[in-house]
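Chemist: Handing you a structure now.
The values are calculated or read from the model by the stated rules, or taken from the named source; none is laboratory data. The shown structure was predicted, so the numbers you read here are calculated from the model rather than taken from an experiment. Reconstructed Cβ throughout: ideal geometry from the backbone, glycine too, with neighbour counts over all protein chains shown.
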């Protein structure tokens, strides 16, 4: 018998498994909080900051990432306030400006309501979500990948830049990478980057509805409830 | 080798013995902090010792090499007691004269005295100097009285008496209550109530607990912690000993950055001596309390001043912050309850125990008690360390103690709290300096750095400098900090290079607010402060850069132009020779001209011109 605690997410009182994170609990109940660096089974590093929520403690709300926050009795969480939507949109905007050639990132941008990018595009291939590093270390115990450098020089690489013999060439790092699928509009060269907006049609219709689900491709990888249910129905 | 002190009585006897060694007729105190050492105070001290031996005065004069006195502007500094004569800018060549006159006859050497720039008068006594007079040097003042490499000095001035008091008859709860009543708040920047932290750590579940002293001070223009670590390491050890007893910890760490070699070696020496004397180790002074301290050296990362990154670094991992949804007092070093305090916080603890909580609480203003050390740097006359009660106004610090602007140009702003702090304009100089007021004004006390800026400082450029510093020092883990800083810097570079657009100011504000709320650690959350505070108080400067494409302070190279006033130029040719790019032309004795295309705006010509014929516009 699992221990449960009662928490409130967006006004709904729900039973959460003790020791689970707020993000996992919310996803289980169909509250789809956008996220990128979180991956089931891997440790949480709270790097992408997309899964931010408001944690209300005695009337004072504090913005924190839901993946690193564990449920506790009586906790009050707000996932979809005006403030959270704005902050999340700004973070998604930073991400899509950095790596427009990723379908996952473009999807997240649409889902978070980014309609305009205020910064010049950079055409980077990595947003340092660290999924590859963690899957290699935690799932395969190989530690063939790691973060190198600090600040803007931070990047993912093999130890000393050389593929070590303990790399199991399992390719999980590639499978799990959110950057490997290009947007539907095809690869964008330097200078041609833009907000993909392929899902804009759906977004337009739902723009006034707080649940802006566009059935993003990414949702599959994230065990989005809708995708899981759809797969079950089929 | 000394015998270990086993009881409180042993410590008392050692104190009497140490005091007896200090009663020579005269004491010459030589500041050997890093600042004075850079101006060769060590050489002066050596010369003094050998001359003294040659003169046969060793038995009557005590030479004490101490840590930083704080008056770094005038270094190397020598104080001769009991007459309390202060000599500044002392060189090894002055030593024979000092011994022959001041030491032997008590005569004062006029040319070595401090000249008060306000009145132009020479001041003989240290205590009369305005810089010192306006301060309340309860902690920093100890630096002058002890040789940091000698534990006996610290014991002689009453050191470790607070430890005796605590171990000899106070319960841990009583100690925590004292600290709580004193109102002491963390001196590292956060301003969290120390007593509450101790209480939470004591209450946290777990047998094994740790205390850590955070000496990873990395703010540009701040060096308070360095001077306390260098000059008075035993005060920190005593504070940690008291803290460990209150919390129930048996192991402590002092985390010092490797860029402070003198602080590292002095702290090491202090720990070794304390172990030899039995003040660290098992069954301290027969009380049954066990505690030991190790020195952990930082490897040069600014972010390691953040508590979780520091702990990761001590553990031997990459110094990166981790989410603090569970506080470090419950889940800290090696996932054990850990109490981390700043150098200055620990050093204040023995004084609170000795003098009582009420004594400490009486100083300072509402909500911020006690004294705080600030590092005054930048365009100010008296650069150095100042210790003042909390709640004093910025104006008092800058003008009464700091002596005002360095070169006659009006002070425009002061940047408090290092890169995470903000810039406060001159109209805010009457604000009391305490934790809550400065935070409300958009800046913060931070660790206590104060960088003074005058009319020749461009505030956009300052914000850009701090952002560039933070971008280098950010760990790069979380998105808003890594990418947000990059974008902010991009925008500021645009503005300073004449490509700024009006809507970018709004973007800066929106992005700054996002970073402040969503970043993983305090570095990221406070990183936009330099931009947000300059935008708040110096928005005009941003707008001038954007709309008029000009830099009022004449700093941003892309927006300024050097020109020679033909009416003033004598055609001496000094600038022509000095210009490294050959941008200046003209015949001898006739006014010269600057070619705008070849000029790189380095400003060398302005510095060389004796007639002030070259101006920036």
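Chemist: Which of the residues spanning segment B:559-574 are in contact with a helix residue (DSSP H, G or I) (Cβ under 7 Å, 6 or more places away or on another chain) and not in a strand (DSSP E or B)?
Modeler: Once the filter is applied, which keeps residues that are in contact with a helix residue (DSSP H, G or I) (Cβ under 7 Å, 6 or more places away or on another chain) and not in a strand (DSSP E or B), segment B:559-574 yields B:559, B:574.
Chemist: What is the residue count in segment B:329-345 for residues that are touching a residue at least 60 places away in the same chain (Cβ under 8 Å) and more than 18 Å from residue B:386 (Cα to Cα)?
Modeler: 11
Chemist: Looking at segment B:498-533, which of the residues that are surrounded by 22 or more Cβ atoms within 10 Å (Cβ to Cβ) and assigned to a loop (DSSP other than H, G, I, E, B) is nearest to the other protein chains (Cβ to nearest Cβ)?
Modeler: Top of the filtered list is B:520.
Chemist: Let me ask something else about it. In segment A:155-178, which residues are touching a helix residue (DSSP H, G or I) at 6+ places or on another chain (Cβ under 7 Å) and either away from chain B (no Cβ under 14 Å) or closer than 17 Å to residue B:318 by Cβ (or both)?
Modeler: Listed by number, the residues that qualify are A:156, A:172, A:173, A:176, A:177.
Chemist: Quick check on segment A:1-28: of everything there that is in a loop (DSSP other than H, G, I, E, B) and surrounded by 15 or more Cβ atoms within 10 Å (Cβ to Cβ), which residue is farthest from the chain's Cα centre (by Cα)?
Modeler: Restricting to residues being in a loop (DSSP other than H, G, I, E, B) and surrounded by 15 or more Cβ atoms within 10 Å (Cβ to Cβ), the top hit is A:10.
Chemist: While we're here: Could you check how many residues of segment B:426-469 are under 20 Å from residue B:554 (Cα atoms) and in a loop (DSSP other than H, G, I, E, B)?
Modeler: Number of matching residues: 4.
Chemist: Still on this structure, I have one more. Is it the case that residue B:493 is more than 14 Å from chain A (Cβ to nearest Cβ) and either more than 17 Å from residue B:537 (Cα to Cα) or out of contact with any helix residue (DSSP H, G or I) (no Cβ under 8 Å at 6 or more places or on another chain) (or both)?
Modeler: Criteria not met by residue B:493.
Chemist: Then there is this: Quickly run through segment A:95-129 and pick out the residues that are over 19 Å from residue A:182 (Cα atoms) and facing another protein chain (nearest Cβ under 9 Å).
Modeler: Within segment A:95-129, A:118, A:119, A:120 meet the criteria.
Chemist: Take the residues of segment A:144-154 that are touching a residue at least 12 places away in the same chain (Cβ under 8 Å) and assigned to a loop (DSSP other than H, G, I, E, B): which is farthest from the other protein chains (Cβ to nearest Cβ)?
Modeler: The qualifying residue farthest from the other protein chains (Cβ to nearest Cβ) is A:144.
Chemist: Here is a follow-up. Would you please name the residue that is farthest from residue A:8 (Cα to Cα), looking only at residues in segment A:51-70 that are within 8 Å of chain B (Cβ to nearest Cβ) and in a loop (DSSP other than H, G, I, E, B)?
Modeler: A:68
Listed here are the residues, each with its yes/no results for (1) in contact with a helix residue (DSSP H, G or I) (Cβ under 7 Å, 6 or more places away or on another chain); (2) loosely packed, with under 15 Cβ neighbours inside 10 Å; (3) at pLDDT below 90.
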site: B:22; (1), (2), (3): yes, yes, yes
site: B:30; (1), (2), (3): yes, no, no
site: B:41; (1), (2), (3): no, no, no
site: B:45; (1), (2), (3): no, no, no
site: B:65; (1), (2), (3): yes, no, no
site: B:72; (1), (2), (3): yes, no, yes
site: B:77; (1), (2), (3): yes, no, no
site: B:86; (1), (2), (3): yes, no, no
site: B:91; (1), (2), (3): yes, yes, no
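Chemist: Do we find that residue A:73 is at pLDDT below 90, away from chain B (no Cβ under 12 Å) and over 13 Å from the mean Cα position of the chain (by Cα) in this structure?
Modeler: no
Chemist: A follow-up question, please. Residues of segment A:101-125 being surrounded by fewer than 23 Cβ atoms within 10 Å (Cβ to Cβ), in contact with a helix residue (DSSP H, G or I) (Cβ under 9 Å, 6 or more places away or on another chain) and either in a loop (DSSP other than H, G, I, E, B) or in the same structural domain as residue A:66 (by TED's automatic domain parsing) (or both), which ones?
Modeler: Within segment A:101-125, A:112, A:113, A:115, A:116, A:117, A:118, A:119, A:120, A:121, A:122, A:123, A:124 qualify.
Chemist: Taking residue B:464 as the residue in question, decide whether it is buried (at least 24 other Cβ atoms within 10 Å of the Cβ), more than 18 Å from the chain's Cα centre (by Cα) and more than 28 Å from residue B:193 (Cβ to Cβ).
Modeler: Answer is no for this residue.
Chemist: Continuing with the same structure: Go through segment B:284-310 and report how many residues are in contact (Cβ under 8 Å) with a residue 40 or more places away in the chain and either outside the structural domain of residue B:211 (by TED's automatic domain parsing) or in a loop (DSSP other than H, G, I, E, B) (or both).
Modeler: 7
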